[in-house]
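Structure first, commentary second.
The values are calculated or read from the model by the stated rules, or taken from the named source; none is laboratory data. Please read all numbers here as calculations on a predicted model, not as lab measurements. Cβ: placed from backbone, ideal geometry, glycine included. Neighbour counts: every protein chain shown. These area figures cover heavy atoms from the full protein model, side chains too; ligands, DNA and RNA do not enter into them. Shrake-Rupley method; radii C 1.70, N 1.55, O 1.52, S 1.80 Å.
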Amino acid sequence: SRAHAMKEASALLEPLLAASGVTPEHTAVIGTVQGDLHDIGKNLVGMMLKGANFEIVDLGTNVAPDAFASAVTEHDADIVGISALLTTTMVGMKEAVEAVRAAAPEAKVMVGGAPVTDEFAAEIGADGFAKDAATAATVAQELLS
C-alpha cells in the first residue's frame, strides 16, 4: 500500500537527515484535524519540512483544537500545520486555528489537504495554505522569513 511505502521511505530517510548534522532552525507542530484519520499527506509534509531544516512535532491524526494549542506552547513552535482530507472535517480547522491563535498569537498557522483552498484558509484566519506537500516547506519558510 502507499501508506506502507511511505513509512518505509521515512524510515530510510530519517537517519540520513539526522546524520547530515543540520540543527533545525524552526519547530513545526503538525497534525490532522479532529475527526479525520488520514495521515499520508501530513506525513509527507513532515518529511518535506524536516528536509527544510524544521524540527517536527507530529501530533498524529484526529487532533483536538486544544491539543494543537498546548503543543505549540509546550514546544515553542514557530508554525503549525493543520491537515484535513475530508470536506466534513475541514470545518473543524477554524476552531483549531482559533485555539492556536489564543495560545500563541505569534505562531504562524498553515492549512492543507485535498478539499482545502486558499480562499478557505483566508476565511478561517490561517496565515498560509499549501496545495501539496512539495510546496508546504516553501510556504512555511516564506511565512517565517
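Among the residues making up segment 58-92, those that are open to solvent by less than 20 Å² (accessible area, probe 1.4 Å) and not in a loop (DSSP other than H, G, I, E, B) are 63, 65, 68, 69, 71, 72, 79, 80, 81, 82, 89. Taking the criterion of being part of a helix (DSSP H, G or I) and surrounded by fewer than 16 Cβ atoms within 10 Å (Cβ to Cβ), the residues of segment 118-134 that qualify are 118, 119, 122, 123, 134.
The set of residues in segment 96-117 being open to solvent by 10 Å² or more (accessible area, probe 1.4 Å) and either more than 17 Å from residue 85 (Cβ to Cβ) or assigned to a helix (DSSP H, G or I) (or both) consists of 98, 99, 101, 102, 103, 105, 106, 108. Among the criteria (1) in a helix (DSSP H, G or I); (2) touching a Phe, Trp or Tyr at 6+ places or on another chain (Cβ under 8 Å); (3) of a type outside the set (A, V, I, L, M, F, W, C), the one residue 31 does not fulfil is (1).
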